[in-house]
Amino acid sequence: MRCNPLFWASIASLSLWLAPPVQANTQVSTLMQEGRRLVEAGNYAQALAIYQQLLQSESRNPRVHSAIGYLYAQQGQFADAAHAYQRAIELDQQNADFYYALGYSLGMMGENHGAAAAYRQAIRLNNRNPQAYEGLAVILARIGDPQGAIQAYRSALSLDPRNWAAYKGLGVLLLQQHNIPDALSNLQQAAVLAPSNASIQLNLGMALLAAGDTSKGWQTLDRAANLGQRDVDLLQQVAELAVAANQPERAIQTYRRLITLQPERIATYFSLGELLMQQNNPLEAVAIYRQATQINARDPEAFYRLGTALAVQGQRSEARSAYQMALKLYREQNNRAGETKVREALKQRN
């Protein structure tokens, strides 16, 4: 579950998570002011130390525990954040924001059922917070309740009609449910609200392809790739879609981008080399597979593929050397299937 800036904005709206300073205690007031200053400056570790010091006199103040939860979460310590929010809830069971923050922290930990319960309680206490519905939708989709997630997204949108993330989430779910017209409608609305979001363009492109609009679908996917030109996961999806749709040139171009971004990832070289071989371009495939063997000189598959590309080029001696290296490495790994594959290739090349 990715960090949602809207979540932090919601928590920050709690008057910096603290009750008004205790007038009779100057030290408490000073610490609160210093804590606020450090948070505003982004010095979360120092601010955390201040709020933990405040617990000595303010251990019954739920907003102090909430502040500590926020600061733990800002540092990626979601288990500690969840514990702090649970303590805040023990002290104030009617604060919907505490349950919302607990749901988010538990979701980030992968504690999905606990997160769903926390979000539901937040909604019971305040059914006007669209972000609580959105958080619940994310969790319900994750635990395999798409219909519940769809309803939660729709509730979020009824409260916040300009929530592009909710339109996107709803559109993706509808696409997975093969409800293409509604998926398109929601993803198009998300794209209007967030035109530079690469992930929206990716899903919109897939929906357009599913609707049979091939031309516009690939235009949208190309836009997604350009917007997310450094997003490895997104580019991988575009490449796989291009392969499945028999768009080899587009796939080749995308795999080359991926190699630039992740030059150590052997699997991308294999995918690109395979496409080049299918396009009757063994010369470039040889170059790609050689790079793979240089990146990982202990990978037998890289040498096997290099041998095959060399053999297609007619370089029998070099192909045999590559196959023999593959055979040696497969044998060292006790990979019988790999050994058999290489032996068969050697027989065919003799």
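The values are calculated or read from the model by the stated rules, or taken from the named source; none is laboratory data. Since this is a predicted model, take the numbers as computed values, not measurements. Using ideal geometry, Cβ is built from the backbone for each residue, glycine included, and neighbour counts are taken over all protein chains shown. What goes into the accessible areas is simple: the full protein's heavy atoms, side chains included, and nothing from ligands, DNA or RNA. Shrake-Rupley method; radii C 1.70, N 1.55, O 1.52, S 1.80 Å.
Under the condition of being farther than 20 Å from P130 by Cβ and either open to solvent by less than 20 Å² (accessible area, probe 1.4 Å) or not in a helix (DSSP H, G or I) (or both), the residues counted in the range 100-119 number 2.
Hey, could you check the range 66-88 for residues that are open to solvent by 20 Å² or more (accessible area, probe 1.4 Å) and assigned to a helix (DSSP H, G or I) and say which is modelled with the lowest pLDDT? Once the filter is applied, the top-ranked residue is Q74. Considering the range 133-180, the residues that are within 20 Å of the chain's Cα centre (by Cα) and without any contact (Cβ under 8 Å) to a residue 12 or more places away in the chain include one that is surrounded by the most Cβ atoms within 10 Å (Cβ to Cβ), namely D145.
Applying the set (1) within 14 Å of I288 (Cα to Cα); (2) of a type in the set (S, T, Y); (3) open to solvent by less than 60 Å² (accessible area, probe 1.4 Å) to T220 leaves exactly one unmet item: (1). Just to be sure, is A311 among the small types (G, A, S), open to solvent by less than 10 Å² (accessible area, probe 1.4 Å) and either over 22 Å from Y255 (Cα atoms) or out of contact with any Pro (no Cβ under 9 Å at 6 or more places or on another chain) (or both)? So A311 does not fit the description; no.
Only one of the numbered conditions (1) in a helix (DSSP H, G or I); (2) over 27 Å from F78 (Cα atoms); (3) not polar (S, T, N, Q) is not met by R162, and that is (1).
Kindly indicate whether Q201 is within 20 Å of the chain's Cα centre (by Cα) and in a helix (DSSP H, G or I). Yes; evaluated as a whole, the condition is true for this residue.
Considering the range 56-65, the residues that are assigned to a helix (DSSP H, G or I) and touching a residue at least 12 places away in the same chain (Cβ under 8 Å) include one that is nearest to the chain's Cα centre (by Cα), namely H65.
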